[in-house]
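Report on the structure given below.
The values are calculated or read from the model by the stated rules, or taken from the named source; none is laboratory data. Note that this is a predicted model, so its numbers are computed, not measured. Here Cβ is always computed from backbone atoms with ideal geometry, including for glycine, and neighbour counts include all displayed protein chains.
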Amino acid sequence: MAVWNRHLAGRTCTCLLVALWLFPSRRAAGGTAVFTNVRASQAAPALQRRASSDDLEERRAKCPLSQEQLESDHGEKWGDVRDILVGLRAASPEAIMRARFTALRFQDAQFLAATEKDDNQSIRDRAKQWSLLLGLEEMGMFDKMMNLNSDAFNLREPAGFEVLSADGEWVEFKIVCSSKTLTEKSRFVKDRKYGWVYGGETEYSEARIRAKKQQEESRDRAMKRREEMEQKQRQARERGRTEAQVGDFVKHCEAQKNIAMVSWQKTFSELSDQMTAEDKKQEVLLGAQGQMALQKLFRPPTLHTMGYVRAGHVPKEIRQLLLSHLNKHRSRSFVEAFNPLLGNQRKAKALPLLPEWAKKGGFIDNLLRPIVEKASGRKMELVRVGASLRIYEEGASLMQHVDSPETPITVAMPLEANGAGSSWHLQIGDPQGHKHRPMPLQPGQLLIYEGARLAHGRAGQLPHGDLTMAFAYYRPKANYEAKRIQRTLDQLLASHNAAQRGPSKPPPPKPRKKNEEFRKMDEL
C-alpha cells in the first residue's frame with residue numbers, strides 16, 4: 001500500500017501488479033459489490049462461522065458467482081475462491097490472492113481494501129482510492145494530475161490470471177490486462193478475519209525500484225561526467241580564443257601607440273602652431289557669424305531646438321563590456337595622439353577597443369542606433385565608434401569647440417569617474433552661442449548632442465581624479481550633405497584667414513631632425 005503510494009506520486013511505477021496490492025484505496029461509493037456474502041459473514045458472530053456442513057453447503061450455494069465464472073480464471077482452484085467469497089477464511093496466501101483477482105475483475109473496491117494491510121490508511125480511505133482507480137467514482141483534477149499516464153488504470157481491464165509459484169508467505173503470479181503481461185511476487189501475512197491478507201511487500205517491485213534507482217544514479221553520474229568534460233572543452237576553447245584575442249589586441253595596441261608617438265614627434269613650436277591654428281578656427285566658428293551660419297546649415301535641428309537629449313542609461317551590455325575591457329587592459333593605455341583640442345599636456349590617455357566592436361552593424365552600433373533614432377525621430381547611420389576609450393587624468397583639458405560636419409551627432413557615455421572627474425562636466429552652448437550649460441552626467445548615463453552645431457567643452461583643467469569616456473558618432477541616413485556644409489564652413493574660415501576646418505586626421509610623420517625631438521615609447 002505505502003510502496004504503491006510512493007511509486008505513483010513519483011511517477012516511477014514499475015508494473016501494474018503493484019497497484020493490485022498497493023494502490024491506496026478508499027471506500028467505494030456507488031460501486032457494485034459482488035462479495036455481498038463476504039461482508040455479511042464478516043458481520044456475523046463467531047458461532048455462525050462454525051456452522052454445520054449443511055449450513056456451509058447452503059452458503060456455498062448462495063455464492064454470487066457461478067462455478068463457470070470462477071473456473072474460467074482459477075481452474076480447479078475455483079472452490080478456494082468460492083469459500084472466501086461466502087465468508088470463510090483463506091486457507092493459503094494463494095487462495096486470498098486468487099480472491100483478490102476476482103474482486104478486481106468484478107470491481108469490488110471494499111474487498112480489495114479490506115484484504116490488504118496498511119497501517120497508514122484506514123480501510124475506508126483505501127476503498128475510496130480503489131473506487132477512483134476502478135472508475136467507480138469520478139477522479140478529481142488533482143488525482144488526475146498525480147496519476148497522469150499511470151499504468152495503474154490498465155487494472156480496470158483484467159483479462160487473465162495465473163499463479164506461477166506459491167512458497168510459504170510468498171506468491172508469484174501473472175496478470176494479463178490491456179494487452180500487457182505483468183508479473184509480480186508478493187508477500188502475505190496471516191489475518192484473524194480473512195485468514196491471509198496482502199502485507200504490503202513486493203519482491204520484484206522493490207528490486208525494480210532499486211535497479212531503476214541505480215540506473216538513474218549511473219545515468220546522472222555519466223551525465224555529470226559528460227557535462228564536466230564539455231565544460232572543460234568549452235573552457236579550453238575559450239582560453240584559446242582569449243589568448244588569441246589578447247595577442248591580437250596587444251598588436252593592435254602597439255600599432256595605435258606607434259601612431260600616437262609619431263603624432264607627438266614634433267618640435268614644441270610645431271605643436272604650438274597647430275594649437276594656435278585650431279584656436280583661430282574655433283574662434284571663428286564660435287563667434288556670432290559662425291554660430292549664425294551653423295544654425296542655418298543645420299536647419300531643422302537633428303534633435304530639437306536645444307540640440308541635446310538625456311537618453312537614459314548606457315545599455316547594460318555595452319557598459320559591462322567596456323568596463324571589463326577597461327579593468328582588464330587599463331595598463332595598456334597610452335597618451336592619446338596629439339589633438340589641439342586636448343592641449344599639449346599629455347593628460348588624456350587612450351585605450352583602444354577591439355575593431356570588431358566599433359564597426360557599423362557591430363555590437364555597439366546595434367544597441368545604440370535605436371536609442372539615437374528614437375531621440376531624433378529619424379533614421380540614423382553610424383559614422384564611427386570612438387576607436388579608443390578616452391581617460392582624462394589630472395591636468396587634462398578640453399577646449400570649447402564644434403565638431404566636424406562629418407560627425408554631426410555625438411553619443412557621450414561616461415563609464416567611470418573618480419575624484420573630481422565626477423563633477424568635471426561637459427558644457428554645451430545654447431543655439432545662439434551665448435550661454436554654456438553644464439551637463440551633469442554620472443557614470444552609466446547617456447547624453448546625445450549635436451556636436452557639429454553646438455559649442456561644447458570642459459571648463460578649466462581636471463584638478464584631480466580621472467574620467468573615462470566612450471564616444472560614438474552618427475548622422476542622418478537621408479537628406480544630410482556633410483560636404484556641402486563643409487564647403488560653406490571652409491569659405492567662412494577662409495574669409496577670416498583661418499585654415500579649413502575639415503575632418504581631423506593624424507598629421508603625416510615628418511623626417512627626424514634631432515634625436516632629442518622624439519619622445520620615448522615609455523613616455524606615452
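Rundown of residues vs (1) surrounded by 14 or more Cβ atoms within 10 Å (Cβ to Cβ); (2) of a type in the set (Gly, Ala, Ser); (3) modelled with pLDDT under 75, yes/no style:
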{"site": "GLY429", "(1), (2), (3)": "yes, yes, no"}
{"site": "ARG458", "(1), (2), (3)": "yes, no, no"}
{"site": "PRO463", "(1), (2), (3)": "no, no, no"}
{"site": "ALA470", "(1), (2), (3)": "yes, yes, no"}
{"site": "LYS483", "(1), (2), (3)": "no, no, no"}
{"site": "HIS496", "(1), (2), (3)": "yes, no, no"}
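Look at GLY465 and say whether it is touching a strand residue (DSSP E or B) at 6+ places or on another chain (Cβ under 6 Å), farther than 25 Å from SER331 by Cα and of a type outside the set (Val, Ile, Thr).
On the way: touching a strand residue (DSSP E or B) at 6+ places or on another chain (Cβ under 6 Å): yes; farther than 25 Å from SER331 by Cα: no; of a type outside the set (Val, Ile, Thr): yes.
In short, no.
When residues of the range 314-345 are filtered for being touching a helix residue (DSSP H, G or I) at 6+ places or on another chain (Cβ under 8 Å) and not aromatic (Phe, Trp, Tyr), how many remain?
Applying the first criterion (touching a helix residue (DSSP H, G or I) at 6+ places or on another chain (Cβ under 8 Å)) to the range 314-345 yields 315, 317-318, 321, 329, 332, 334-338, 340-341, 343-344.
If we keep only those that are not aromatic (Phe, Trp, Tyr) as well, we get 315, 317-318, 321, 329, 332, 335-337, 340-341, 343-344.
Residues flagged as touching a helix residue (DSSP H, G or I) at 6+ places or on another chain (Cβ under 8 Å) and not aromatic (Phe, Trp, Tyr) within the range 314-345 amount to 13.
Which residues, taken from the range 85-114, are within 19 Å of PHE173 (Cα to Cα) and either of a type in the set (Val, Ile, Thr) or without any contact (Cβ under 8 Å) to a residue 40 or more places away in the chain (or both)?
Within the range 85-114, ILE96, ALA99, THR102 meet the criteria.
Is one or more of the residues making up the range 403-422 in contact (Cβ under 8 Å) with a residue 40 or more places away in the chain, part of a helix (DSSP H, G or I) and crowded, with 21+ Cβ neighbours inside 10 Å? First the steps, then the outcome.
Restricting attention to the range 403-422, the residues satisfying the condition of being in contact (Cβ under 8 Å) with a residue 40 or more places away in the chain are 403-422.
Next cut, part of a helix (DSSP H, G or I) only: 419-422.
Narrowing further to those that are crowded, with 21+ Cβ neighbours inside 10 Å: 421.
Checked against the condition, which is being in contact (Cβ under 8 Å) with a residue 40 or more places away in the chain, part of a helix (DSSP H, G or I) and crowded, with 21+ Cβ neighbours inside 10 Å, the range 403-422 yields at least one hit.
Mind checking which strands (runs of 3 or more DSSP E) fall wholly inside the range 130-194 and carry at least 3 residues that are at pLDDT 75 or above, farther than 15 Å from ARG100 by Cα and not charged (D, E, K, R)?
Numbers: elements: 158-167, 170-177, 180-191.
Answer list for the range 130-194: 158-167, 180-191.
Quick one: in the range 434-489, which of the residues that are aromatic (Phe, Trp, Tyr) and out of contact with any helix residue (DSSP H, G or I) (no Cβ under 6 Å at 6 or more places or on another chain) is nearest to HIS325 (Cα to Cα)? So that I can check it myself, show each step before the final result.
Of all residues in the range 434-489, those aromatic (Phe, Trp, Tyr) come to 449, 471, 473-474, 480.
Of the ones still in play, those that are also out of contact with any helix residue (DSSP H, G or I) (no Cβ under 6 Å at 6 or more places or on another chain) are 449, 471, 473, 480.
Details: TYR449: 26, PHE471: 15, TYR473: 21, TYR480: 35 Å.
Among residues in the range 434-489 that are aromatic (Phe, Trp, Tyr) and out of contact with any helix residue (DSSP H, G or I) (no Cβ under 6 Å at 6 or more places or on another chain), the one nearest to HIS325 (Cα to Cα) is PHE471.
Please return the ranges of strands (runs of 3 or more DSSP E) entirely within the range 294-389 where 3 or more residues are hydroxyl-bearing (Ser, Thr, Tyr) and in contact (Cβ under 8 Å) with a residue 60 or more places away in the chain. Give the steps one after another, and end with the answer.
On the way: elements: 308-313, 348-352, 380-385.
In the range 294-389, there are no strands (runs of 3 or more DSSP E) which contain 3 or more residues that are hydroxyl-bearing (Ser, Thr, Tyr) and in contact (Cβ under 8 Å) with a residue 60 or more places away in the chain.
Of the conditions (1) touching a Lys or Arg at 6+ places or on another chain (Cβ under 8 Å); (2) farther than 30 Å from PHE173 by Cα; (3) small (Gly, Ala, Ser), GLY195 satisfies every one except a single condition; which number is it?
(2)
Answer with yes or no whether ASP83 is crowded, with 16+ Cβ neighbours inside 10 Å, under 16 Å from PHE161 (Cβ atoms) and in the same structural domain as GLU184 (by TED's automatic domain parsing). Let's see the steps before the verdict.
On the way: crowded, with 16+ Cβ neighbours inside 10 Å: yes; under 16 Å from PHE161 (Cβ atoms): no; in the same structural domain as GLU184 (by TED's automatic domain parsing): yes.
Judged against the criteria, ASP83 is not a match.
Against the condition part of a helix (DSSP H, G or I), closer than 30 Å to ASP466 by Cβ and not assigned by TED's automatic domain parsing to the domain that holds LEU353, how does GLN282 come out, does it pass?
Numbers: part of a helix (DSSP H, G or I): yes; closer than 30 Å to ASP466 by Cβ: yes; not assigned by TED's automatic domain parsing to the domain that holds LEU353: no.
No.
Being loosely packed, with under 14 Cβ neighbours inside 10 Å and closer than 30 Å to ALA387 by Cα narrows it down to one of GLU238, GLU217, GLU203, GLU227, so name that one. Show your work before the answer.
Numbers: GLU217 fails: closer than 30 Å to ALA387 by Cα; GLU203 fails: closer than 30 Å to ALA387 by Cα; GLU227 fails: closer than 30 Å to ALA387 by Cα.
Every option except GLU238 fails the conditions.
Could you please find all residues in the range 345-386 being surrounded by fewer than 16 Cβ atoms within 10 Å (Cβ to Cβ) and under 23 Å from LEU271 (Cα atoms)?
Matches in the range 345-386: GLN345 only.
Condition check ((1) surrounded by 19 or more Cβ atoms within 10 Å (Cβ to Cβ); (2) more than 30 Å from SER495 (Cβ to Cβ); (3) out of contact with any Asp or Glu (no Cβ under 8 Å at 6 or more places or on another chain)) across all residues:
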residue	(1), (2), (3)
ILE259	no, yes, yes
VAL262	no, yes, yes
PHE268	no, yes, yes
LYS280	no, no, yes
GLN289	no, no, yes
THR302	yes, no, no
LYS316	no, yes, yes
LEU323	no, yes, no
HIS329	no, yes, yes
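Give GLU416, GLU336 a once-over and let me know the one that is acidic (Asp, Glu), at pLDDT 95 or above, on the phi < 0 side of the Ramachandran plot and assigned by TED's automatic domain parsing to the domain that holds LYS281. Steps first, answer last, please.
Values: GLU336 fails: at pLDDT 95 or above.
Result: GLU416 is the single residue among GLU416, GLU336 that is acidic (Asp, Glu), at pLDDT 95 or above, on the phi < 0 side of the Ramachandran plot and assigned by TED's automatic domain parsing to the domain that holds LYS281.
Here is a list of conditions, (1) farther than 28 Å from GLU283 by Cα; (2) among the polar types (S, T, N, Q); (3) modelled with pLDDT of 90 or more, and SER423 meets all of them except one; can you say which number that is?
(1)
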